[in-house]
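Please read the structure below before turning to the comments.
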Amino acid sequence: MPSSSSAMVAGLTAAALTAIGFLAHQASVTVPAELGRPRASASPSPGVSGVPGAPGASKAPRDERHPEALPTGSGKGERVVYSVDDDRVWLVGAGDRVQRTFRVTPSTVDPAPGTYTVTSRSNRVTGSDGTPVEHVVRFASVDGVVIGFSAAVDGSTEKPAPGVKTGGIRESRADGDAMWDFATIGQKVVVVR
């Protein structure tokens, strides 16, 4: 009966791994904001050659007739691309196909151009400006200010008050839903100029 025992062990192992994956996902989307914040400043990956906007690089070339077109040279593979100069995000899926692009309202603190990963997420919290936000996707920290995408629960996308250091890059609620579904923990985020 060794073959039936091994089949049983394999089945139990598969069920255990599925349960662990489900619990890990649940934990990642319900972590309290203060626990999910990066403890050290995230910085762009060293040697981000070929990424427009990386130190020493010029702004990524744009198609003047189609400003919503993905910037040339913004990386390869599945990723979020964020242009700090154009205030635009692209969600890029398999085969380098843009699944969605949208305008955002920038924070007062910009991340440096480079490649990051999503470090934490929160379903609902209060933003650093006191606004209730949802679907927070964090990927960087600059001088203690955590940078991430979020949508205001009331749907507003006003610019933050001048002089206040905020890291929330605001999206519409529909765009925030799309970001939440796309940018899970570990997802690559490429910041360009």
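Of the residues THR105, THR119, THR126, which single one is hydroxyl-bearing (Ser, Thr, Tyr), surrounded by fewer than 17 Cβ atoms within 10 Å (Cβ to Cβ) and at pLDDT 95 or above? Full working, then the answer.
Details: THR119 fails: surrounded by fewer than 17 Cβ atoms within 10 Å (Cβ to Cβ); THR126 fails: at pLDDT 95 or above.
The conditions single out THR105.
So, in the range 153-190, how many residues would count as being in contact with an Asp or Glu (Cβ under 9 Å, 6 or more places away or on another chain), part of a loop (DSSP other than H, G, I, E, B) and open to solvent by 30 Å² or more (accessible area, probe 1.4 Å)?
Residues in the range 153-190 being in contact with an Asp or Glu (Cβ under 9 Å, 6 or more places away or on another chain), part of a loop (DSSP other than H, G, I, E, B) and open to solvent by 30 Å² or more (accessible area, probe 1.4 Å): 6 in total.
Which count do you get for residues in the range 74-97 that are of a type in the set (Asp, Glu) and in contact with a Pro (Cβ under 8 Å, 6 or more places away or on another chain)?
Within the range 74-97, residues that are of a type in the set (Asp, Glu) and in contact with a Pro (Cβ under 8 Å, 6 or more places away or on another chain) number 2.
Return the residues of the range 37-96 that are open to solvent by less than 30 Å² (accessible area, probe 1.4 Å), at pLDDT below 90 and more than 22 Å from SER141 (Cβ to Cβ); say none if nothing qualifies.
Those that are open to solvent by less than 30 Å² (accessible area, probe 1.4 Å), at pLDDT below 90 and more than 22 Å from SER141 (Cβ to Cβ): PRO52, ALA60.
The values are calculated or read from the model by the stated rules, or taken from the named source; none is laboratory data. Every value quoted in this text rests on a predicted model; they were computed, and no experiment measured them. All Cβ positions, even for glycine, are placed from backbone atoms using ideal geometry, and neighbour counts span all protein chains on display. With ligands, DNA and RNA removed, areas are computed over all heavy atoms of the protein, side chains included. Shrake-Rupley method; radii C 1.70, N 1.55, O 1.52, S 1.80 Å.
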